[in-house]
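Accompanying notes for the structure given below.
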Amino acid sequence: MRILELLRQPRAELDAPRWLSRTAVAVVLLVAAAAPLVSAPYVNFDRSMVLVYVVVGLGLNLLTGNTGQISLGHGFFFAVGAYLSAVLIENHGVPYLLLFPIAFVVCYGVGYLFGLPALRLHGLQLALATLGLALVTPAVIKRFEHVTDGQAGINVTGAQAPEFTGLERDQWVYYLCLATAVVGYVVVRRLSTGRIGRSLIAIRDYEAVATTLGVPATRTKTTVFALSAALAGVGGVLYSLVVQYVGPEAFGLPLAIAFITLIVVGGLGTVPGVVFGAFFVVYVPQFTADINQSAAGITYGAALILFIFVLPYGLISLVRWGLGPVIARIPGRRKDSRISSAAEGDPREMVAAS
């Protein structure tokens, strides 16, 4: 019972020495970079899908975990990125590396336009509005079949590895996903832990106070929604390159539920938690499907119930609980008291700390 009580409590970031944090990151990146060279193509496929979910989850977690805006409609922006990639590659011969900035800009603009009216809503109202977006996505794709090929979908043949690399296609696509995920991780990490991040937390928990202290709540939330949509669009580009096919049935309500499950299981408001959540939504349904085909359908629902009641701060709370006592014994720990006080709930500290 004591363990459950500890895991249900919010906890600040592990105040590990800087050298230890950097060493851990370097080791993880080294292992991630070497893994596809010694793995089978189907293993690289699964790992690439994990990285696709990481890119989408980073944006959605910034929106929901830091700003408190629940969105069930990011599957729409994911579909926009995927279909934009497929159409431009197959019909117009656009180089696949150009698809990333194009999808980012397009989905940022669409997300900003959608966010202007939508983010005047709060809580359940916003969730229902974005749920409607998730429900109509497959129908919209089928409706514009002269562009999307409707039910038939589009096969994507791009992203062949350059000859000088000596890599197979699955390895090259994995490295594209890894590079994109690392860039997204660094950007979102900087946003969520700096002055902007504290402003987002203040808006989430004390919007009236944050507005009084000079934080433009509506503009900030709309911008974050647009950035989150842009990352979903980039994730859609990666999805089209990994799977090599886009069809309307892949972008329905189950995808929206998978995205929400990702950030809840990993840990709302924690950037490292997104990685744990991505592994969960890719691998756990596969394991349950091997046991019983019907079990795969209830995995997400059961996981959401379990984590809401038992581990409300996600899998990352297990890591923090396990490593906390070890790091506490390491000399040279760093701790920013201003950030800690902000995390514990003083809105003035959240906005003013730097």
Within the bounds of the stretch 227-250, is there any residue that is touching a Lys or Arg at 6+ places or on another chain (Cβ under 8 Å) and in a helix (DSSP H, G or I)? yes
Testing I141 on (1) open to solvent by 70 Å² or more (accessible area, probe 1.4 Å); (2) in a helix (DSSP H, G or I); (3) of a type outside the set (S, T, N, Q); (4) farther than 22 Å from A278 by Cβ, one condition comes back false. Which one is that? (1)
In the stretch 122-138, which residues are assigned to a helix (DSSP H, G or I) and either of a type outside the set (A, V, I, L, M, F, W, C) or more than 27 Å from the chain's Cα centre (by Cα) (or both)? Q125, T130, G132, T137, P138
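Can you tell which of A230, A210, A152, A217 is aliphatic (A, V, I, L, M), closer than 23 Å to L72 by Cα and either in contact (Cβ under 8 Å) with a residue 60 or more places away in the chain or in contact with a strand residue (DSSP E or B) (Cβ under 6 Å, 6 or more places away or on another chain) (or both)?
Exactly one residue qualifies, and that residue is A230.
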If P272 satisfies every condition in (1) of a type outside the set (A, V, I, L, M, F, W, C); (2) in contact with a Pro (Cβ under 6 Å, 6 or more places away or on another chain); (3) open to solvent by 10 Å² or more (accessible area, probe 1.4 Å) but one, which is the exception? (2)
Among the residues in the stretch 152-161, are any within 26 Å of V243 (Cα to Cα), in contact with a Pro (Cβ under 7 Å, 6 or more places away or on another chain) and polar (S, T, N, Q)? no
Of the residues P101, P41, which is farther than 24 Å from T130 by Cα, touching a residue at least 60 places away in the same chain (Cβ under 8 Å) and out of contact with any Ser or Thr (no Cβ under 7 Å at 6 or more places or on another chain)? P41
When the residues of the stretch 49-97 are narrowed to those that are assigned to a helix (DSSP H, G or I), β-branched (V, I, T) and open to solvent by less than 30 Å² (accessible area, probe 1.4 Å), which ends up modelled with the lowest pLDDT? T64
Any chance you could count how many residues in the stretch 202-220 are in a helix (DSSP H, G or I) and open to solvent by 40 Å² or more (accessible area, probe 1.4 Å)? 9
Cβ-Cβ below 7 Å, separation at least six or inter-chain, first residue in the stretch 127-147 and over 17 Å from A250 (Cβ atoms), second at pLDDT below 90 and open to solvent by 60 Å² or more (accessible area, probe 1.4 Å): which pairs? A127/I70
With respect to the numbered conditions (1) at pLDDT 90 or above; (2) open to solvent by less than 70 Å² (accessible area, probe 1.4 Å); (3) in contact with a Phe, Trp or Tyr (Cβ under 9 Å, 6 or more places away or on another chain), which one is the sole condition not fulfilled by N155? (2)
For the stretch 17-39, indicate whether the set of residues that are modelled with pLDDT of 90 or more, part of a helix (DSSP H, G or I) and in contact with a strand residue (DSSP E or B) (Cβ under 8 Å, 6 or more places away or on another chain) is non-empty. no
Checking P101 against (1) over 30 Å from P216 (Cα atoms); (2) modelled with pLDDT of 90 or more, only one condition comes out false. Which one? (1)
Sole exception among (1) open to solvent by less than 70 Å² (accessible area, probe 1.4 Å); (2) on the phi < 0 side of the Ramachandran plot for H146, by number: (1)
When you check V243 against the structure, is it of a type in the set (A, V, I, L, M) and either surrounded by 24 or more Cβ atoms within 10 Å (Cβ to Cβ) or touching an Asp or Glu at 6+ places or on another chain (Cβ under 7 Å) (or both), yes or no? no
Which of (1) under 26 Å from V186 (Cβ atoms); (2) open to solvent by less than 30 Å² (accessible area, probe 1.4 Å) is the odd one out, the single condition F100 does not satisfy? (2)
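Rundown of residues vs (1) hydroxyl-bearing (S, T, Y); (2) touching a His at 6+ places or on another chain (Cβ under 6 Å); (3) open to solvent by less than 40 Å² (accessible area, probe 1.4 Å), yes/no style:
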| site | (1), (2), (3) |
| --- | --- |
| E163 | no, no, no |
| G166 | no, no, no |
| Y174 | yes, no, yes |
| L178 | no, no, yes |
| G194 | no, no, yes |
| L200 | no, no, yes |
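The values are calculated or read from the model by the stated rules, or taken from the named source; none is laboratory data. Predicted, not measured: the structure shown is a model, and the values here were computed from it. Using ideal geometry, Cβ is built from the backbone for each residue, glycine included, and neighbour counts are taken over all protein chains shown. Only protein heavy atoms, including side chains, enter the accessible area calculation; ligands, DNA and RNA are left aside. Shrake-Rupley method; radii C 1.70, N 1.55, O 1.52, S 1.80 Å.
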